[in-house]
Each structure stands twice: as C-alpha cells, then as structure tokens.
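This report refers to the structure that appears directly beneath it.
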Amino acid sequence: MPIVLVVDDSEVDRRLVGGLLARDIDWLVEFASNGREALELMQTTEPDVIVTDLMMPDMDGMELVTQVAVQHPNVPVILVTGQGSEDIAVEALSRGAASYVPKDQLADKLLETVEQVMALEKADRHYNRLIGCLTRAEYQFELDNDPALVPPLVDLLQQMLMGMQCCGTTTRMHAGVALEEALLNAMLHGNLELTPEEVQETRAHLRQGADLAAAAERRLQEPYCHRKVFVQAKITPSQAEFKIRDEGSGFDVSQLPARGDPQTLQHASGRGLVLMQNFMDDVVFNEQGNEVVMRLECHEPSEAASV
C-alpha cells in the first residue's frame, strides 16, 4: 500500500490534507508536525511521496526539500503553498521539490498532483543498462489527440534521460512533469480547444483510468479531428531538447509571465507553465504560441552515474 507522509505544524491542516487523500484512494497516510520529525520517521519507513507545508517551526518545508533530495532522492516532495509564499515556492522547486499545490486549490489539485508525481516516480527502469550504451537518441512522433498516449510517451523519454545518464532522479521526475504539462496543454488547450472545466475533468479522468468523454467527443468533430501534436526529442548524455507543436490557433505569447515570476504560482492557468519554466533550463514559445521548445542541461552527473 502506498504511503503518503503529510507534514504540517497545524493539526487542522494535516487532517484536511489527509482527509482529501484518503477520500478517494486506498493509501496509508502518515503525519509529521515539521521537517525534522518527518526525517526521523523516514529513518524507519520511507514514504512513496511527501506533501508538506512551507512555513513550519524547527525545520520548514524548504529545508525538508533540501534534506530529502540528499538523504532520500527517490522520494518526491510536493509543496502546499500559501498566499505570500510564492517566491519561496519557486526556490523550493529549484532545489528539488517535485511539484506544488496552492493551499486554496487543495480540493481540486491535491489528488491529481500526488497521483501524477507517484506515477512518474514508478517509471520503468528495466532497460537502463541497454540505454546506457546509447550516445544519442532522436524521436519524432505525430500524436492523435488522445490523452492516454501522454503517460507512455513521458515514461519512454524519462527512461532515456535516466538510462543515458543525462540527469539524476530528481531532474528525471521534473522533466516528466514538464513534458506531461506541455503535451496535455498541446492536446487539450491547443488542438481540441477544451474549456478549462473540460480540461480539468479530462485530466482527472486520465489519472483515474476513466472514460475521457470530453476529449473523445471533440476528437471526432471538425476541425479538431484532423489536428496532430508533433513531438521531437533529442537526448544525449549532456543535454536534451524537446519540441512540442500543436495545430491549434495558439495564444498571445506577450501575455506569458516572466520566468521565475512567483505570482503565477497562485493562478491555476499558469501552473503548468510555472512547472515547465522551473523544471527545464530553457522554455521558448514561437510567436504564434502553438510550439514550445524545452531544453535540459545535464547538472547531476554524480547522481545520475550512481543510479
């Protein structure tokens, strides 16, 4: 049974998060009141994922992220951010946090985020020895607008990143989150032009393995039925580049928030972009707004080599 460790100095908030997690999924939820207590618990039992508040006494969420990245690199940490802590959240993402959920979006986003991170953490590594012999890999895909294609594609690209020792565990997970966000954005927002409510419903159904009704219906209609998502990936032991293009009308790129702007953390519409910008070294959109190029440089040779 998967274990989720909830870390928060407020008993009310701990129980709130635990209740949201236990409501729909059969997980074992454990609790700690601060980062130091969490690390002590992890000496005997390592959780599958940590959900932590940022502001706590003794050892806060920032220090917990740093310590977990060193002592338990295979355990992802998800931040719960409050109003006014956006700049700290950006810093924590850069230090190794797997994702974040604004406190006022817990009911809508927490379960989805935990499931997303846990699924990415379980990426298959059986072929890493063979992949490690590669010096360069290039892929080109033309995807139908079926969101079910996204997880296996992200899984494949993660395997290549790890197997070729381009990055370590934390960066592999970050890259997976960024790729998933970009691919789903291209399909659901770009090609199918679903409403924000339909996008949220589709993402929820995707993680639950349920029927993707809104996307399936739109895929059969004109002009959406002819649109594709084009994916190019180039991976070497020193760097990786991912180009994702849809055939939708695009968006006004002048309205994009600046890289590292902490205020975007509080806006649901900018969450995917925040994750992409913080988890990739470079994120560039074309003028039309229907293509993004994301680049990742190898920063963790020692960690990657030890995996």
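The values are calculated or read from the model by the stated rules, or taken from the named source; none is laboratory data. If you're wondering where the values come from, they're calculated on a predicted model, not measured in any experiment. As a convention, Cβ positions derive from the backbone with ideal geometry for all residues, glycine included, and neighbour counts pool all protein chains shown.
Observations
- Each residue in region 217-236 was checked for being in contact (Cβ under 8 Å) with a residue 40 or more places away in the chain and surrounded by fewer than 18 Cβ atoms within 10 Å (Cβ to Cβ), and 5 of them qualify.
- In region 5-17, the qualifying residues are those that are under 18 Å from GLU112 (Cα atoms) and in contact (Cβ under 8 Å) with a residue 60 or more places away in the chain, and the one that is farthest from the chain's Cα centre (by Cα) is LEU16.
- Residue among LEU20, LEU41 that is outside any loop (DSSP other than H, G, I, E, B) and in contact (Cβ under 8 Å) with a residue 40 or more places away in the chain: LEU20
- For region 138-156, a residue qualifies if it is surrounded by fewer than 18 Cβ atoms within 10 Å (Cβ to Cβ) and more than 16 Å from the chain's Cα centre (by Cα), and the qualifying residues are GLU138, TYR139, GLN140, PHE141, GLU142, ASP144, ASP146, ALA148, LEU149.
- Subset of region 67-77 (residues that are surrounded by fewer than 23 Cβ atoms within 10 Å (Cβ to Cβ) and under 18 Å from the mean Cα position of the chain (by Cα)): ALA69, PRO73, ASN74, VAL75
- With respect to the conditions (1) in a loop (DSSP other than H, G, I, E, B); (2) modelled with pLDDT under 85, GLN288 lacks only one, and its number is (2).
- Residue list for region 282-300, restricted to those being without any contact (Cβ under 8 Å) to a residue 60 or more places away in the chain and closer than 12 Å to CYS166 by Cβ: ARG295, GLU297
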